[in-house]
Amino acid sequence: MKKNKLGLLTAFLLAFGVIFMAADHIEAPAVQGTSADITDFYAFEGDSDKIVFVANTQGLLSPAASPDASFDENVLTEFNIDTDGDAVEDLIIHAIPRDGVMYFFGPTAATGNTGLSGTVAANSDVTIVDITPYGSTANIGTNGDISVFAGPRDDPFFMDFARYGEIIGGMATAFNDPGADTFAGTNVMSIVIEVPKSMIGGTGNINTWVETKTR
Amino acid sequence: MNNFCKTLIKTFIFCGFIFQICSCENNASIAKETPKSEKADSFSRDDYAAYLQPGERNDIAKQKEEYTFWEKKLEKTPGQYPYLLKMATASNSLFGLTGEVKYLVDANDHLEKANLMINNSSAGSLRSLARCYITQHRFKDAHAALKKAEELGEKLEETNKMLFDVNMELGNFDLAKSYLDKIEKKSSFDHLIRRSKWEDHVGKLDRAIVFMESALENAVRQKNQSFMMWSYTNLADYYGHAGRIEDSYNHYLKALSIDPHDAYAMKGIAWIQYSHNKDAERAKEILNNLVQRDATPDYLLLLAEIEDYEGNEVAKQKLLDQYLTLTSKPEYGVMYNKYRIQLLAEEKGDYKQAQQIAQQEIDMRPTPQSYDLLAWSQFLSGEKEGALNIIAEHVAGKSYEPELLYHAAEIYKANNLNKKVADIKPELIESVYELGPAIGKKIQAL
Amino acid sequence: MKYIKILSLVFLAAFTLQNCSDDEDNTPTLPDFSGTFTTADQMGRPAINTVLVTDGRKDAFNTTVPSQQGAAFASDFATRLSTLSPTLATDDDRNLLGLNATEFGGVLATDVLTVSLDGTTTFFDGTNVLTGRNLSDDVITTELTLIFGGEDGSEIPTLSDDNVDANDKAFLTVFPYLAEPF
């Protein structure tokens, strides 16, 4: 039976409407998850009576991609500070962006906000700073002795990450000498806060870690 | 990701004003409806004329700059596989922005190479590769990559989402559902859109729309422009399925207000002009405009249908030949199998090749859709009993897609199963907009 | 630059927005940050999850509170260390800190960064160990040395140092300390 015998000739192109209306487009957008991925965490003495905390996210940003990089408003960054050695946070610092501004809350007691879920410590002391746009001088927000920053920076991390991957994957047995810094010439989104030691225990040792929490 | 960032800034400016107004009115929703029905011309060219000349776009140049940056770094330090991944991301964006398939091939090559260098030991890199395979309709390859990622377990939830997508494509619907159920955050965008897809699959379009609307709300709340774009256009498609043409039209326009360059939304408007508004000239104007600025072959096919509708056989055949030549390029692989099968059988009388490709599709993914293509090409070649057997065994009751139902109806009719035809007909009549004016006539004649 | 202009437009919009919702007395009100936030990722010491958590448990490690990580992951870490490194294969094999795989795994499993409020802060500077983490600390080489270096730190030299020893841009001596972006 020939198609023209069926008289369906014009009918068949019908299906092409369906092309436009269905099937292919449902291909889901790429699974996300990078904006909450912590690339690095630093804690060190800045001014002699202060400690600096740094949380970096969104690694391997090229200079071209950096102007468009932004903090995700649904990601809360939480610095945890344990002052009595039980690996349970006693103090927290929260950082959360909104409309181009990074809001820092604390350091404040972790009461009610320990563990894996919680709310923004919005009732505690706030230090705010305009998120520094790429290409601008760093905006620094202060509140008493606290200083804060948020924006793109050079990624301070250095490592031959690729060679490490090859070794773990069983494709190489030794590092190269010299190695290549995978992160050379790339940027990262940084959140930095410097606080007086007196606000986080004063003396002795603290244990600290950073979390990203999403809503 | 970069894509998202890029549109983010653009759209923030665009939306800044809207956000402002909304905030003063204490109204959280930015998705305001403009009642189109009050206009004299419901689908006025003025609504989208600006998007026919959307102006210069710097996103393509930016992605090329991004690509070059990593390419240069890789030249200096060839072992750095993360740079291959970055290049693939840029290439993938360029494919999306230009429709040029060479970028997709490039992304594929870089992703395969990167995964090889680390012996498939990174779940994230495997997911990127799987995603690229999905775009190319290489669903079995995508599945294999995702199963490896599943074992590694880094961000298992992301892998599970993609395993839902791929199993849906492969026709493993029960398995797909089990992955859907594993997604923990039920209110997340990623879960809502997949739940929506599932509801559509089981024929519950109303519920599919509800979930997609929730996904849109979620995207708006997150201020995630790429998710908003995605939800607007997918909702527009669903509204079209549901016969809510004005809602559909308005949502394509909303997508275009976020990204004036979005070709998919423009194509949707062209379809409305043609299928609903019966204005072939306006539809052709849009499609010819898209052909100028986007290499995706699909527009040629819709143009061919419109030429057919207008009775321009020569113009139609020319467009179809153009389409067939373009989509036979090896770079497209199996991406356009479905349409090639139909064209070969319906227009070129090449039943043998059509059935060959249909069999290949079935081997790759034994879905009702693939079996339908085989049944349809058999039917057109005159094997009406064989076609009926395939429909009975692999299609009937397994899919609610209007196109498949229509094919089934024609096959039932040829086999004198008039009761079955009568059962399907009312549903088909409801789907006339989706199937287009040409088939509308055929449905009436069933 | 163009982008700066664009961004400042964004901020302008943002501030106008805020003004709209300001109280009458003009004290700036905080945005609405309500809602429950759940842990997506966490980190104490660098690269611990990448290096020491076995396949299939990385997600769990990221969402186990540090006070419970020891109980949940110490034995895993010990096994992983002894498989990964011939220099920690048996209980008698010890690293530069004098710890065998079990002991070292036990230390690392609780993934917190200890910071001294009294003395030098450094990941490792030849004298002080794990009293913080500076931007310039070569933390990867330190960790590799502790895993592959054996008792004197030099048993498997080809795996004990990635041979990238410093950042490619100088850090600032003042806040915010990190160098300007490229």
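The values are calculated or read from the model by the stated rules, or taken from the named source; none is laboratory data. Here the structure is a predicted model, which is why all the values come from computation and not from measurement. Quick reminder, even Gly has a Cβ in these numbers, built from the backbone with ideal geometry, and neighbours come from all protein chains shown.
Sort out for me the helices (runs of 4 or more DSSP H) sitting completely within the stretch C:46-124 that have 3 or more residues that are farther than 22 Å from A:Ile38 by Cα.
Helices (runs of 4 or more DSSP H) meeting the threshold: C:66-84, C:101-109.
Suppose the filter is surrounded by fewer than 19 Cβ atoms within 10 Å (Cβ to Cβ), out of contact with any strand residue (DSSP E or B) (no Cβ under 8 Å at 6 or more places or on another chain) and closer than 30 Å to A:Lys50 by Cα; does C:Gly98 pass it?
Spelling it out, it is not the case that C:Gly98 is surrounded by fewer than 19 Cβ atoms within 10 Å (Cβ to Cβ), out of contact with any strand residue (DSSP E or B) (no Cβ under 8 Å at 6 or more places or on another chain) and closer than 30 Å to A:Lys50 by Cα.
Can you tell me which of B:Glu158, B:Glu199, B:Glu154 is within 13 Å of another protein chain (Cβ to nearest Cβ) and not in a helix (DSSP H, G or I)?
B:Glu154
Which one of A:Ile193, A:Ile168, A:Ile206, A:Ile200 is among the aliphatic types (A, V, I, L, M), out of contact with any His (no Cβ under 8 Å at 6 or more places or on another chain) and at the interface with chain C (Cβ under 7 Å from one of its Cβ atoms)?
A:Ile206
When you look at A:Pro97, is it more than 9 Å from chain C (Cβ to nearest Cβ), farther than 28 Å from C:Gly106 by Cα and in contact with a helix residue (DSSP H, G or I) (Cβ under 8 Å, 6 or more places away or on another chain), yes or no?
It is false that A:Pro97 is more than 9 Å from chain C (Cβ to nearest Cβ), farther than 28 Å from C:Gly106 by Cα and in contact with a helix residue (DSSP H, G or I) (Cβ under 8 Å, 6 or more places away or on another chain).
Mind listing just one residue for me: the one in the stretch B:227-259 that is of a type in the set (D, E, K, R) and either closer than 23 Å to B:Tyr400 by Cα or assigned to a loop (DSSP other than H, G, I, E, B) (or both) and, of those, nearest to the other protein chains (Cβ to nearest Cβ)?
Looking at the filtered set, the residue picked out is B:Asp237.
For every residue, the table says whether it meets (1) outside any strand (DSSP E or B); (2) free of Cβ contacts under 8 Å to residues at least 60 places away in the same chain; (3) surrounded by fewer than 19 Cβ atoms within 10 Å (Cβ to Cβ); (4) not aliphatic (A, V, I, L, M).
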{"residue": "A:Ile51", "(1), (2), (3), (4)": "no, no, no, no"}
{"residue": "A:Thr57", "(1), (2), (3), (4)": "no, no, no, yes"}
{"residue": "A:Glu78", "(1), (2), (3), (4)": "no, no, no, yes"}
{"residue": "A:Ala87", "(1), (2), (3), (4)": "yes, no, no, no"}
{"residue": "A:Ile93", "(1), (2), (3), (4)": "no, no, no, no"}
{"residue": "A:Met102", "(1), (2), (3), (4)": "no, no, no, no"}
{"residue": "A:Gly115", "(1), (2), (3), (4)": "yes, yes, yes, yes"}
{"residue": "A:Ala121", "(1), (2), (3), (4)": "yes, yes, no, no"}
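Give the stretch B:410-432 a look and list any residue that's closer than 25 Å to B:Ile272 by Cβ and out of contact with any Gly (no Cβ under 6 Å at 6 or more places or on another chain), or say none.
Selection gives B:Lys425, B:Pro426, B:Glu427, B:Leu428, B:Ile429, B:Glu430, B:Ser431.
All but one of (1) farther than 28 Å from C:Val174 by Cβ; (2) of a type outside the set (Asp, Glu); (3) over 17 Å from the mean Cα position of the chain (by Cα) hold for A:Ser35; which doesn't?
So the condition that A:Ser35 fails would be (3).
Within the stretch B:175-197, is even one residue hydroxyl-bearing (Ser, Thr, Tyr), buried (at least 19 other Cβ atoms within 10 Å of the Cβ) and closer than 30 Å to C:Thr50 by Cα?
Within the stretch B:175-197, one or more residues are hydroxyl-bearing (Ser, Thr, Tyr), buried (at least 19 other Cβ atoms within 10 Å of the Cβ) and closer than 30 Å to C:Thr50 by Cα.
For the stretch A:127-165: of the residues being among the β-branched types (Val, Ile, Thr) and in a strand (DSSP E or B), which is farthest from the other protein chains (Cβ to nearest Cβ)?
Taking the candidates together, the pick is A:Thr127.
Go through the residues of the stretch B:106-125 one by one and say whether even a single one is more than 9 Å from chain A (Cβ to nearest Cβ), closer than 23 Å to B:Ala265 by Cα and surrounded by fewer than 21 Cβ atoms within 10 Å (Cβ to Cβ).
Within the stretch B:106-125, not a single residue is more than 9 Å from chain A (Cβ to nearest Cβ), closer than 23 Å to B:Ala265 by Cα and surrounded by fewer than 21 Cβ atoms within 10 Å (Cβ to Cβ).
Please enumerate the residues belonging to the stretch C:132-150 that are without any contact (Cβ under 8 Å) to a residue 40 or more places away in the chain, closer than 20 Å to C:Asn49 by Cα and not in a helix (DSSP H, G or I).
C:Gly132, C:Asn134, C:Asp137, C:Asp138 - these are the residues of the stretch C:132-150 that are without any contact (Cβ under 8 Å) to a residue 40 or more places away in the chain, closer than 20 Å to C:Asn49 by Cα and not in a helix (DSSP H, G or I).
Each row is one residue, and each column tells you yes or no for (1) away from chain A (no Cβ under 12 Å); (2) without any contact (Cβ under 8 Å) to a residue 60 or more places away in the chain.
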site	(1), (2)
B:Met162	no, yes
B:Ser178	yes, yes
B:Lys182	yes, yes
B:Lys185	no, yes
B:Asp190	no, yes
B:Ile193	no, yes
B:Asp206	yes, yes
B:Val210	yes, yes
B:Gln225	no, no
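Could you tell me which residue of the stretch B:46-77 is farthest from A:Thr182 (Cα to Cα), considering only residues that are among the acidic types (Asp, Glu) and over 25 Å from the mean Cα position of the chain (by Cα)?
B:Asp46
Kindly establish whether B:Glu100 is away from every other protein chain (no Cβ under 13 Å) and among the acidic types (Asp, Glu).
When the stated conditions are applied, B:Glu100 passes them.
Can you pull out the residues in the stretch A:183-215 that are more than 26 Å from A:Ile140 (Cα to Cα) and either touching a Pro at 6+ places or on another chain (Cβ under 6 Å) or free of Cβ contacts under 8 Å to residues at least 60 places away in the same chain (or both)?
Correct list: A:Thr203 only.
Restricting attention to helices (runs of 4 or more DSSP H) lying wholly within the stretch B:314-390, give those where 2 or more residues are surrounded by fewer than 18 Cβ atoms within 10 Å (Cβ to Cβ) and touching a residue at least 40 places away in the same chain (Cβ under 8 Å).
none
How many of the residues making up the stretch A:50-80 are more than 14 Å from chain B (Cβ to nearest Cβ) and modelled with pLDDT under 95?
Residues that pass the stated criteria total 0.
Regarding the stretch B:92-107, can at least one residue be identified that is without any contact (Cβ under 8 Å) to a residue 60 or more places away in the chain, in contact with a Gly (Cβ under 6 Å, 6 or more places away or on another chain) and over 30 Å from B:Ser399 (Cβ atoms)?
No, the stretch B:92-107 contains no residue that is without any contact (Cβ under 8 Å) to a residue 60 or more places away in the chain, in contact with a Gly (Cβ under 6 Å, 6 or more places away or on another chain) and over 30 Å from B:Ser399 (Cβ atoms).
Could you run through the stretch A:177-203 and say how many residues are touching a helix residue (DSSP H, G or I) at 6+ places or on another chain (Cβ under 8 Å) and at positive phi?
1
Look at C:Thr173 and say whether it is part of a loop (DSSP other than H, G, I, E, B), within 17 Å of A:Ile168 (Cα to Cα) and without any contact (Cβ under 8 Å) to a residue 12 or more places away in the chain.
Against the criterion (part of a loop (DSSP other than H, G, I, E, B), within 17 Å of A:Ile168 (Cα to Cα) and without any contact (Cβ under 8 Å) to a residue 12 or more places away in the chain), C:Thr173 does not qualify.
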